Every structure is written in structure tokens, then in C-alpha cells.
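The values are calculated or read from the model by the stated rules, or taken from the named source; none is laboratory data. The structure displayed is predicted, hence computed values, not measured ones. Cβ placement follows ideal geometry from the backbone for every residue including glycine, while neighbour counts extend to all protein chains displayed.
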Amino acid sequence: MIRYFSGIFMHIGRYYTLMTQVFSKPEKKPIFRKRIFEEIDKLGVSSLPIVIIISFFMGAVITIQAAFGFESPWLPLYAVGVATRDSVILEFAPTLVSLILAGKVGSSIASEIGTMRVSEQIDALEIMGVNSATHLILPKIIATVFINPFLIILSMFTGILGGLLLGILTGVVTPYEYLYGIQYDFKLYNVTYALIKTVAFAFIISTVASYHGYFTKGGALEVGRSSTTAVVYSSLLILLFNFILTQLLLA
């Protein structure tokens, strides 16, 4: 038990030390800016298809489940639109999509940096006097924190649209009632709350994955293990901070 907790504190301390190295002034700003745009394309734009597909069917399932759950004659049909809107905006888009991105983006970051570590490319950068932590990790953090909110906004729109289209096709809701429901008592703060969570989750995904990749030791097998570990810990931290931020922002 003592060894377990000492290992946790060791990782926390090493993570903090790495972050202090990461957030230092970049040495060559033109190259740094170029790397940020490359990471936005690689980590964000490439995730568009999976975000759109998952969000579309997620919204459709929520709509159908809400329609069958609201069978009471005392509940108006537009409550289906209200339930879909709030479920997608408050929880499913920011949290579920971030968990999926933790698997896709997090594993990509960890495996890329881990491969560079075991192939001694990071050692070569440090020998040349380059701050490898800033050069490799900071562009990924900036890229994910910047692009993930746009992905989540797209997820919200796609989820609500999927609920509308498949709700109409299955006959569980009418277009008028659904559209009225998504406008009824709409609170802009809910979107703000979701985007705050998204930024926090994006930071967790990029930094935790980078940490596990950066301190990989061994060969190809250890790179795979680091990638898996990064996804697991990122997902756990997302769930933990989802609870904490919900308590702070909505309670």
C-alpha cells in the first residue's frame, strides 16, 4: 500500500516537473507555429468523421429513448426536444466525445512520443540543445485545447440534428414539437459550461498522453503499454474532473 501511494506521488511530481519544462518559451517561433497547425490537422481535423458519426447516432438514440420514456399524457411531446438538447449539450457531447478522443487522440500522442523516446530521437534533440518537452508537447496541448471546443460544438449540432432527422423518420416526434422543444427555455450558460469542461478535458488528454509517452522505456512493446495506460488514466481523470466541474459550475 505504501509503495502504491509513493508511486502515485512520484508520477504527480514527475508530471508537474514535465509541465514546468513544457511551458517555457519556444526557441524558434516560426517552426513552433508551423507545428501547432500540423497538430491541429493531425489531432483535430482528422477526428471530424468519428465525432460526426457518433454524435449523429447518439442524438438519435437519446431522442427515441426520451420519446418512449415520456408516454405519460401529462408530458407534452416537445419535452423530447428539451431532453435531447440538454442531454447532448450538458453531458454527452463534452464528456462522451472527450472520452472517445482520449482513446483516439491520446493513444496517438502517447505512441508518437513513446516511439521517439525508445528510438532515441528525443535524446538527439536534447543533445542539439533543443528543449524536447516544449518542442514536442506544447504544440499538442495548444492544438487540442484550441480545436476540441470546435469539435464539441459540432458534436452538439450533429447530435441535435440526428435526433431531429431520425426522430421524424421513426415517427416518435413531429418536426414542430422537436424544434419547439430545443428552443424552449434554452440557457446559453449550458453551452458555456460544456465548453469549460471541454477545455479541461482537452488539457488532460494531451498532457497525460504526452507524459506517458515521454517517459516510455524499452521497446515497441512498452510503447503499446504506454499508449494503453495513457488512455486509461486520461479516461479516469476525465470522469473525475467531470464530477468536480459539475459540482463547481452547476451545484
Condition met for residue 39 (over 16 Å from residue 161 (Cα atoms), touching a helix residue (DSSP H, G or I) at 6+ places or on another chain (Cβ under 8 Å) and buried (at least 20 other Cβ atoms within 10 Å of the Cβ)):
yes
What residue, among those in region 124-141 that are among the hydrophobic types (A, V, I, L, M, F, W, C) and out of contact with any Phe, Trp or Tyr (no Cβ under 9 Å at 6 or more places or on another chain), is surrounded by the fewest Cβ atoms within 10 Å (Cβ to Cβ)?
128
Subset of region 150-179, residues modelled with pLDDT of 90 or more, surrounded by fewer than 18 Cβ atoms within 10 Å (Cβ to Cβ) and more than 12 Å from residue 77 (Cβ to Cβ), comes to 150, 153, 154, 157, 161, 165
Within region 201-223, can one find any residue that is aliphatic (A, V, I, L, M), loosely packed, with under 15 Cβ neighbours inside 10 Å, over 17 Å from the mean Cα position of the chain (by Cα) and outside any helix (DSSP H, G or I)?
no
Does residue 231 satisfy the criteria of being modelled with pLDDT under 95, more than 30 Å from residue 77 (Cα to Cα) and assigned to a helix (DSSP H, G or I)?
yes
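Under the condition of being polar (S, T, N, Q) and surrounded by 22 or more Cβ atoms within 10 Å (Cβ to Cβ), which residue from region 84-104 is farthest from residue 154 (Cα to Cα)?
84
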Of the conditions (1) loosely packed, with under 13 Cβ neighbours inside 10 Å; (2) modelled with pLDDT of 90 or more, residue 10 clears all except one; give me its number.
(2)
Among the numbered conditions (1) free of Cβ contacts under 8 Å to residues at least 24 places away in the same chain; (2) surrounded by 18 or more Cβ atoms within 10 Å (Cβ to Cβ), tell me where residue 240 comes up short.
(2)
Would you be able to tell me the number of residues in region 117-131 that are in contact (Cβ under 8 Å) with a residue 24 or more places away in the chain, out of contact with any Gly (no Cβ under 8 Å at 6 or more places or on another chain) and part of a helix (DSSP H, G or I)?
1
